[in-house]
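Heads up, the thing below is written out as structure tokens.
The values are calculated or read from the model by the stated rules, or taken from the named source; none is laboratory data. Quick caveat: nothing in here was measured; it's all calculated off a predicted structure. Backbone-built Cβ (ideal geometry, glycine too); neighbour counts: all protein chains shown.
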Amino acid sequence: MRKVFAVTLSLLLLMSAIPLSVGVSATPSATTGIIRLGGASRIQTAVTICNAGWGNLVETADDDDPGAPANPSPRIQYGADTVVLASGRIFADALAGGPLAAALNAPILLTNNPVEDKLEDYVLTKIRGLGATNVVILGGGSSVSDGVANSIIDKGIAVERLAGANRYETSIAVANRLQEIKGSPSIVFIANGADFPDALSVESPAAILNAPIVFQNGNAAAIHPATAAYLQDLASPAGGLPSTLSKIYLSGGSATLTDAFKANVQTATNLLSANVKRLSGSNRYATSLAIWTEFWQDTANVFDDDL
């Protein structure tokens, strides 16, 4: 469960447009009790979060890593077999990848490339320091270039790319990979792929529930074709197998995901109206609170307190 926190925090800081200039603090502030994890950029912040949650397994000869956290905690897991890598310039692919990263027990690292068409040296050093043997790249070459992939492969690390023609198809590719690991989902989250807040707010419950986050094309009424095909396959599996799909959560109000879209999802999946549930508030902040209320207000009945 604690890895879900690190994955979600990585994604939260990806959404921030304000560079941070502080480093990792190993202990809470004496006055606020708050631990701040940050770096000079969102790319470095992702490395700092990785340090706090995973830490280095091995030293590398060209180690210019911003550094492992001071006073390492027993909560830190040293090393990671797999790292998930996404663009730090756009939000969609990293958000779709949160549940997959949790399933793989993998940190999410970011890159600003293809500005220089290679992975930042300190990110590559972090991957090597973790002892990772696999990197899962989210998105096509316009998000994370082949040059970035090749700079990883050149270090003897296997690369798997999950991508589609656009962010909607990429979210489905990620969802299918998650299904290979965790089996057919009983729950699916749908968020507007044109903006980040509502998708970000469901990252933690989606990761805990092994539930994919797939995207809808803005506030259109028609389901995006890639998402529609995915939902229909879940509702009517090949070979006459019974469907495992029991609930779909729409993250955001009717201005974000329309009521007509909700009705179309219900029709496509043959789910009862009560099982296509909207989680929303008057704005993105109230929506986030509605999601918390749905999943965490009574932790004894929903999730355990090890979150």
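Quickly run through the stretch 260-271 and pick out the residues that are assigned to a loop (DSSP other than H, G, I, E, B) and under 22 Å from Pro205 (Cα atoms).
Leu271
For every residue, the table says whether it meets (1) closer than 30 Å to Asn275 by Cβ; (2) surrounded by 17 or more Cβ atoms within 10 Å (Cβ to Cβ); (3) of a type outside the set (Phe, Trp, Tyr).
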position	(1), (2), (3)
Ile152	no, yes, yes
Glu160	no, no, yes
Val174	yes, yes, yes
Lys182	yes, no, yes
Ile190	yes, yes, yes
Ala194	yes, no, yes
Ala206	yes, yes, yes
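Looking at the stretch 272-296, which of the residues that are outside any helix (DSSP H, G or I) and in contact (Cβ under 8 Å) with a residue 12 or more places away in the chain is surrounded by the most Cβ atoms within 10 Å (Cβ to Cβ)? Walk me through how you get there before you give the answer.
Narrowing the stretch 272-296 to residues outside any helix (DSSP H, G or I): 272, 276-283.
Pick out the ones that are also in contact (Cβ under 8 Å) with a residue 12 or more places away in the chain and you get 276-282.
On the way: Val276: 21, Lys277: 14, Arg278: 18, Leu279: 24, Ser280: 20, Gly281: 16, Ser282: 9.
This residue is Leu279.
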When restricted to Ser184, Ser204, the only residue hydroxyl-bearing (Ser, Thr, Tyr) and not in a helix (DSSP H, G or I) is Ser184
Of the residues Ile223, Ile213, which is surrounded by fewer than 24 Cβ atoms within 10 Å (Cβ to Cβ), within 18 Å of Glu169 (Cα to Cα) and aliphatic (A, V, I, L, M)? Ile223
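Is it the case, given these coordinates, that Tyr168 is assigned to a helix (DSSP H, G or I), over 20 Å from Ser41 (Cβ atoms) and in contact with a helix residue (DSSP H, G or I) (Cβ under 9 Å, 6 or more places away or on another chain)? Walk me through how you get there before you give the answer.
On the way: assigned to a helix (DSSP H, G or I): yes; over 20 Å from Ser41 (Cβ atoms): yes; in contact with a helix residue (DSSP H, G or I) (Cβ under 9 Å, 6 or more places away or on another chain): yes.
In short, yes.
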State yes or no: is Ala211 among the hydrophobic types (A, V, I, L, M, F, W, C), within 20 Å of Ala103 (Cα to Cα) and assigned to a loop (DSSP other than H, G, I, E, B)? yes
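Residues being surrounded by 15 or more Cβ atoms within 10 Å (Cβ to Cβ) and part of a loop (DSSP other than H, G, I, E, B): count how many of those fall in the stretch 237-259.
The qualifying residues number 7.
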Which ranges mark the helices (runs of 4 or more DSSP H) fully within the stretch 37-115 that have 1 or more residues being in contact with a strand residue (DSSP E or B) (Cβ under 7 Å, 6 or more places away or on another chain), surrounded by fewer than 24 Cβ atoms within 10 Å (Cβ to Cβ) and modelled with pLDDT under 95? 42-53
Name the residue, out of Asp146, Asp154, Asp117, that is at positive phi and out of contact with any Cys (no Cβ under 6 Å at 6 or more places or on another chain). Asp117
What are the residues in the stretch 116-145 that are under 13 Å from Ile90 (Cα atoms), buried (at least 18 other Cβ atoms within 10 Å of the Cβ) and among the polar types (S, T, N, Q), if any? Ser143
